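The values are calculated or read from the model by the stated rules, or taken from the named source; none is laboratory data. Fair warning: this is a prediction, and the values are worked out from it, not measured in the lab. Heads up, the Cβs are rebuilt from the backbone with ideal geometry, glycines too, and the neighbour counts pull from every protein chain shown.
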Amino acid sequence: MITRRRFLATSATMAAFAGLRPAWAKGANSSPNLEFPTQARERIAVASYPFRDFIVDPANAASSVQKIALKDFAAHVVARFKVNKVELWSGHFPSTDPKYLAEMRAAVEAAHGAVVNMAVDGEHSPFGEDSKERDAAVAFSKQWIDVAAAIGSSSIRTNLPPPTNSKPDPSVGVERLKRVVEYASTKNVVINLENDNPVSEDPFLLIKMIEQVDSPWLHALPDFANSLTANDEEYAYRGVNAMFGHAYNICHVKEYEASDNGKSVHVDLAKTFGFMREHHYRGYCSMEFDSAGDPYQGTADLIEKAEKFLG
């Protein structure tokens, strides 16, 4: 089974996209202006990542007979969960060819659905000691910004892998992140950073970088459980609370999660949704069931609980 943290990006085989334009260049937008629904269920999205065993595997399509094609995931979610918002994972994309992306956008629209975020995972670190490594991280994020624009997703979550032989230097990451955010503003795509990798995506490190970049196009994506798998509860909840202070359009709702080292955690949903209310968060809540068991039942349970807390 592919795990997100072990996902190897396909950037080496993907075509490079247009070069950098500064935020003030013609075509750049001053700030995002998304309109969010107020009804609880309309704020709920379903992530494709938990359904990785049920979606066609781009690396082994021959073994994926009778599995869900990614372009049909939105329709599948509407049918199974009566939810019309989805969050797609980059590892599920069989192609980033413009023809395929146009087909995906048409399929999502035909299902009366919407892609509210894309979780994008690459292998290149913006903190890398080698400038070529850092530039590759920028190029990879820009490629997926173009994908988001093509399929109508208003944002991407780009990951920040740790450097190989050193600790993450925020100043190094910020310099590259500014380039990503500047490009995203020209495409009307929001960039989100998630508290995932405990080394390079610690919540307080991300907040420091978000504040230094200081752009309305860069925000936090608070994940309910990730920080709990790597830190004590006091630190983890404090981090998630702080992340909600910088969140805009997407967060990841989980109740349980098992870390790579086998640690299993349980999220205090009342406390975490309380952080959301405290910071007047109005964006989407993506259901990302990420523990043992049936993801269909797990996602249905999360939707039911989230709807009550959001109501």
Exercise. Residues in the range 298-306: is at least one at pLDDT 95 or above, surrounded by 14 or more Cβ atoms within 10 Å (Cβ to Cβ) and among the basic types (Lys, Arg)?
Worked result: yes
Could you tell me whether the range 160-168 includes any residue that is within 12 Å of the chain's Cα centre (by Cα), farther than 17 Å from Ser286 by Cβ and among the hydrophobic types (A, V, I, L, M, F, W, C)?
-> yes
Filter the range 195-240 for residues that are surrounded by fewer than 22 Cβ atoms within 10 Å (Cβ to Cβ) and of a type in the set (Ser, Thr, Tyr); the one that is modelled with the lowest pLDDT is Thr229
Scan the range 91-112 and give yes if some residue there is basic (Lys, Arg), surrounded by 23 or more Cβ atoms within 10 Å (Cβ to Cβ), out of contact with any His (no Cβ under 7 Å at 6 or more places or on another chain) and under 21 Å from Asn192 (Cβ atoms), otherwise no. no
Scanning the range 9-50 for residues that are surrounded by 15 or more Cβ atoms within 10 Å (Cβ to Cβ) and of a type in the set (Lys, Arg), the one modelled with the lowest pLDDT turns out to be Arg21
Residue pairs qualifying under the 6 Å Cβ cut-off, at least six apart or on distinct chains, with the first in the range 178-192 being farther than 14 Å from Asn33 by Cα and the second being modelled with pLDDT under 95 and not hydrophobic (A, V, I, L, M, F, W, C), are Glu182/Pro22
>> Just to be sure before I move on: is Val174 part of a helix (DSSP H, G or I) and among the β-branched types (Val, Ile, Thr) in the structure I sent?
In response: yes
- Task: Confirm whether Ala75 is surrounded by fewer than 16 Cβ atoms within 10 Å (Cβ to Cβ), at pLDDT 95 or above, of a type in the set (A, V, I, L, M, F, W, C) and closer than 29 Å to His112 by Cα.
- Result: no
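How about the range 53-161: which strands (runs of 3 or more DSSP E) wholly inside it have at least 2 residues that are of a type in the set (A, V, I, L, M) and without any contact (Cβ under 8 Å) to a residue 60 or more places away in the chain?
114-120
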